[in-house]
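A.B. asks: Submitted below is the structure of interest, expressed as structure tokens.
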């Protein structure tokens, strides 16, 4: 069923070389979990949610706006279409997805050692997406530029626990709206060799993404076994909740699906405004919307890779402001991850959310309260893992460094408990015995280098040492680290002919249209 | 088997009155979970750890130091005693515990509405313990005083998500070592009506704790059904890891156990120094030490309540400094909680650990990485939930406020998913329909007051509002909150005759001994 059925773990030696060049321990291109999923509902509870989603699809329906082709596709498939309202018979969407969509798939990177496997027991940590502002503690908050964008591509490239280059990391507002996608895509291709995300703000921009990927991948674009394009781009298709898809998103989804590129179909929900104020209500609505979107992709091109997305925040019912890192969205995440596994598709949710404007304790606790559920619940594609501040309005330099460190901790957590003889360590306990210490024993000598996760930015020193070091807090240490990483950055090699072809494509495309801010 | 078999949920109206007096919503005295446990090992994995613990007890043994009575107790019970080394036949400790110790028990508060049920599906959040220093962002770090101690008792009393007054919250170093326990115990009794912990630094101080509790509880000290003292004090008995108990802890344990007061037997382990550098090795050693300690308590007084404790940190193998909030101790916690459930005793671990010296992002993320496993893993008695800074060396005022807020979030998380008709909210989805918003719908109107956890210190406002409010970070908002709470504090009522009797006891005891700093 999968278009990329083989698990690719090759290219390990290349990855190791790349890591050594950065002075880092070798890191896997993504994580395969060795700990169980955390699940909050039993089968009966999950069945209630699934039944309610089917009721929403059958009785209430989903609007597909300003896209007559989409309505015709649904009509042809046997759905009940009244105006722009589409009602699907119970089970129709589920069957379309389960009969056609891959359970997991590989997104190919230009460096094969960086390709990621999306779905199953795998976790891919991805930078934040879509922020108009950037923030650092030196300059404060300001609009993002293409220089900021490049900086974050470089930081993601240099972060062993961030497996992906992401997409619209920050909006480069110094470039025209109708052309900036070209510069963003090029930055991902030029300054990183990790996988990246495509433009979704217009079908033409989606097509540009595909054309540039075709240039970048060259002979590797087509899979000789299937004759179809390899999946080299993954794309964020948000529902306009409640229960609506608009023509922009549908247009991009059609372009990508027809080219066998991956679509993440994500109901984007501030619960209380775009869904009911309850976990179970938000879950049923999210499932209904995601089912409709993923089924639509399968109608456009059966077998095209899709990811079940869920973005759900709570809100302050006093002010209407979205709130993050609260318990209710964590419960939604656990439920949705479980529903995605039952459906049999990869799952995207979570990340490191916060409403804080600065990389302070609020930012850290809200992010941890999102990233740990992301990890334990079984998110496959963890968009927004690094950088997110201010409810997604700002991409933070220090926050990126802090979040990447946390993602490193999650990598270690996902490895689980080593129950080998060495892991059981009974020889060490026998050697040391009551009242002695383990620091010098043979087992400790053999294992100390890899024994515990050690953060590059947390301060574990004595108060006196910390005082002598200038009493820096976490944000200040993260500030020093991102500057050092950028100063030491070395780009991955890119074939000059491919680089020239990409630049020529961009030049030709930019020349073909006037600057515009829509 | 339990000496306090009845679940006490009475006194609700008193709790509601107390809460209203504080201007807070009524809160339960402790939390009963409605979400599953997170478990990282299966039965086979857990059996390996249990088998290794039995091997440690049988082959290596545990030292009981400078306490001939303890050795005689073990000898009489059939253990192999050589010098101070005690070796227990496989299964002996487990059987002593399972045949005698209560699976769960009630710790009684002087206000019955504040009594807590320890064990089973219940979680009790408790302040940090044992810090020589205190910290706030105005005055920085300094030695603790009895005034600081009283302040933290008051803050815990005023925090609806902190269920317990704790014990040695901070060391009042302005008082002589041999007398300060009297002032600490009195502070818990006078300034709070929540449960508290007793002194363990000398058997005489344990006895003082019991005498004062007897005065405080008066006619309620003896349970008329059993003729035995009610369990009114809980106490922290640490193992001197690896595989050693010393006479101070054994002396306090004997005093408390004989009076039917609860002992938390906790191997205190910096893994790599006091145990092997691996999760499975640390788990087996912790289990062995805890089994020995809990079995000893059952030999002293069969049926006395015990709690299985586990404290495990990782360390920097470069500097030897303990590290907190890392993934390995979280894995140890999940394993130990599971082992405690299999044994059938209440479990203590976790809290809100950090190595940070200040209430910054490091403090918040490390604490969240401890408190969420504490919650998901199923800790019953969560010592160190609020205030801990600097590896436990400092008790932080702002940190306390931040942690109490996080504990509030955990309370909501533990409630799980509401699958009632109202929770499913299908009427809301039908009423609103595609493309509309839920803010004004009937279901939202009915539920908005309790819909989402809302932090009193997180800032969810717009950047502009936050800017207008003075650009405060989390620590600054927490600073304002603890000052306001202390300024508004009103003590719970205490019978003047009891108060006078307590003060008379303290006066008499202080007069009986010279000041000493040991």
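The values are calculated or read from the model by the stated rules, or taken from the named source; none is laboratory data. Here the structure is a predicted model, which means the values were calculated and not measured. Neighbour counts are summed over all protein chains in view; Cβ atoms, including those assigned to glycine, are modelled from backbone coordinates with ideal geometry.
A.B. asks: Out of the residues in the range A:380-390 meeting the condition of being assigned to a strand (DSSP E or B) and away from chain B (no Cβ under 12 Å), tell me which one is farthest from residue A:411 (Cα to Cα).
C.D. replies: Applying the filter and picking the extreme gives A:388.
A.B. asks: Being within 18 Å of the chain's Cα centre (by Cα) and either modelled with pLDDT of 95 or more or more than 23 Å from residue A:507 (Cα to Cα) (or both) narrows it down to one of A:182, A:155, so name that one.
C.D. replies: Just one listed residue meets the conditions, A:155.
A.B. asks: Is at least one residue of the range B:482-490 touching a residue at least 60 places away in the same chain (Cβ under 8 Å), more than 30 Å from residue A:287 (Cβ to Cβ) and crowded, with 17+ Cβ neighbours inside 10 Å?
C.D. replies: Scanning the range B:482-490, I find at least one residue that is touching a residue at least 60 places away in the same chain (Cβ under 8 Å), more than 30 Å from residue A:287 (Cβ to Cβ) and crowded, with 17+ Cβ neighbours inside 10 Å, so the answer is yes.
A.B. asks: So in the range A:207-221, with the set limited to residues that are in a helix (DSSP H, G or I) and without any contact (Cβ under 8 Å) to a residue 60 or more places away in the chain, which one is nearest to residue A:181 (Cα to Cα)?
C.D. replies: Among those residues, the one meeting the criterion is A:209.
A.B. asks: Which one of the conditions (1) free of Cβ contacts under 8 Å to residues at least 60 places away in the same chain; (2) at the interface with chain B (Cβ under 10 Å from one of its Cβ atoms); (3) touching a helix residue (DSSP H, G or I) at 6+ places or on another chain (Cβ under 6 Å) does residue A:280 fail to meet, given that it meets all the rest?
C.D. replies: Single failed check for residue A:280: (1).
A.B. asks: Looking at A:479, A:460, which one is buried (at least 19 other Cβ atoms within 10 Å of the Cβ), in contact (Cβ under 8 Å) with a residue 24 or more places away in the chain and within 30 Å of residue A:406 (Cα to Cα)? Spell out the reasoning first.
C.D. replies: Details: A:460 fails: in contact (Cβ under 8 Å) with a residue 24 or more places away in the chain.
Being buried (at least 19 other Cβ atoms within 10 Å of the Cβ), in contact (Cβ under 8 Å) with a residue 24 or more places away in the chain and within 30 Å of residue A:406 (Cα to Cα) holds for just one of A:479, A:460, which is A:479.
A.B. asks: On to the next question. Having 3 or more residues that are at pLDDT 95 or above is the bar; report the helices (runs of 4 or more DSSP H) wholly within the range A:1-98 that clear it.
C.D. replies: Ranges flagged: A:43-55, A:68-77.
A.B. asks: Also, I was wondering about something else. Collect the residues in the range B:222-237 that are in contact with a helix residue (DSSP H, G or I) (Cβ under 6 Å, 6 or more places away or on another chain) and under 12 Å from residue B:107 (Cα atoms), keeping them in residue-number order.
C.D. replies: B:232, B:233, B:235
A.B. asks: Taking the options A:330, A:321, A:337, A:292, name whichever one is in contact with a strand residue (DSSP E or B) (Cβ under 6 Å, 6 or more places away or on another chain) and over 28 Å from residue A:72 (Cβ atoms).
C.D. replies: After ruling out the rest, the residue left standing is A:337.
A.B. asks: How many residues are part of a helix (DSSP H, G or I) and over 30 Å from residue A:406 (Cα atoms) if we restrict to the range A:159-190?
C.D. replies: Adding up the residues that qualify gives 2.
A.B. asks: While we're on this one: Looking at (1) within 27 Å of residue B:451 (Cα to Cα); (2) within 14 Å of chain B (Cβ to nearest Cβ), which is the one condition that is false for residue A:247?
C.D. replies: (1)
A.B. asks: For the range B:483-503, how many residues meet the condition of being within 18 Å of residue B:188 (Cβ to Cβ) and in contact with a helix residue (DSSP H, G or I) (Cβ under 9 Å, 6 or more places away or on another chain)?
C.D. replies: So the answer is 13.
A.B. asks: Continuing with this model, one more query. Please enumerate the residues belonging to the range A:313-339 that are facing chain B (nearest Cβ under 7 Å), within 19 Å of residue B:439 (Cβ to Cβ) and surrounded by 24 or more Cβ atoms within 10 Å (Cβ to Cβ).
C.D. replies: A:314, A:315, A:323, A:326, A:328
A.B. asks: Can you name every residue in the range A:509-518 that is loosely packed, with under 10 Cβ neighbours inside 10 Å and either in a helix (DSSP H, G or I) or touching a helix residue (DSSP H, G or I) at 6+ places or on another chain (Cβ under 7 Å) (or both)?
C.D. replies: Here is the first cut: in the range A:509-518, the ones loosely packed, with under 10 Cβ neighbours inside 10 Å are A:511-512, A:514, A:516-518.
A:511 - this is the single residue of the range A:509-518 that is loosely packed, with under 10 Cβ neighbours inside 10 Å and either in a helix (DSSP H, G or I) or touching a helix residue (DSSP H, G or I) at 6+ places or on another chain (Cβ under 7 Å) (or both).
A.B. asks: A further question follows. Criterion first (more than 14 Å from chain B (Cβ to nearest Cβ), surrounded by 24 or more Cβ atoms within 10 Å (Cβ to Cβ) and in a strand (DSSP E or B)) does residue A:266 satisfy it?
C.D. replies: Details: more than 14 Å from chain B (Cβ to nearest Cβ): yes; surrounded by 24 or more Cβ atoms within 10 Å (Cβ to Cβ): yes; in a strand (DSSP E or B): yes.
Spelling it out, residue A:266 is indeed more than 14 Å from chain B (Cβ to nearest Cβ), surrounded by 24 or more Cβ atoms within 10 Å (Cβ to Cβ) and in a strand (DSSP E or B).
A.B. asks: Further question: Considering only residues that are in contact with a helix residue (DSSP H, G or I) (Cβ under 7 Å, 6 or more places away or on another chain) and away from chain B (no Cβ under 12 Å), which ones fall in the range A:347-377?
C.D. replies: A:347, A:349, A:350, A:351, listed by residue number.
A.B. asks: Confirm whether residue A:377 is buried (at least 24 other Cβ atoms within 10 Å of the Cβ), modelled with pLDDT of 95 or more and in contact with a strand residue (DSSP E or B) (Cβ under 6 Å, 6 or more places away or on another chain).
C.D. replies: No.
A.B. asks: Please name all residue pairs, on different chains or six or more residues apart, with Cβ atoms under 6 Å, provided the first residue is in the range A:85-101 and is in contact (Cβ under 8 Å) with a residue 40 or more places away in the chain and the second residue is assigned to a strand (DSSP E or B).
C.D. replies: Filtered contacts from the range A:85-101: A:86/A:62; A:86/A:64; A:101/A:306.
A.B. asks: Does at least one position in the range A:36-46 carry a residue that is surrounded by fewer than 16 Cβ atoms within 10 Å (Cβ to Cβ), closer than 28 Å to residue A:161 by Cβ, in contact with a helix residue (DSSP H, G or I) (Cβ under 8 Å, 6 or more places away or on another chain) and within 14 Å of chain B (Cβ to nearest Cβ)?
C.D. replies: Quick first cut of the range A:36-46, residues surrounded by fewer than 16 Cβ atoms within 10 Å (Cβ to Cβ) only: A:36-37, A:42-44.
From the residues that got through so far, the ones that are closer than 28 Å to residue A:161 by Cβ too are A:36-37.
Next, from what is left, pick out any that are in contact with a helix residue (DSSP H, G or I) (Cβ under 8 Å, 6 or more places away or on another chain): A:37.
Restricting the remaining residues to those that are within 14 Å of chain B (Cβ to nearest Cβ) gives A:37.
Yes, that holds for at least one residue.
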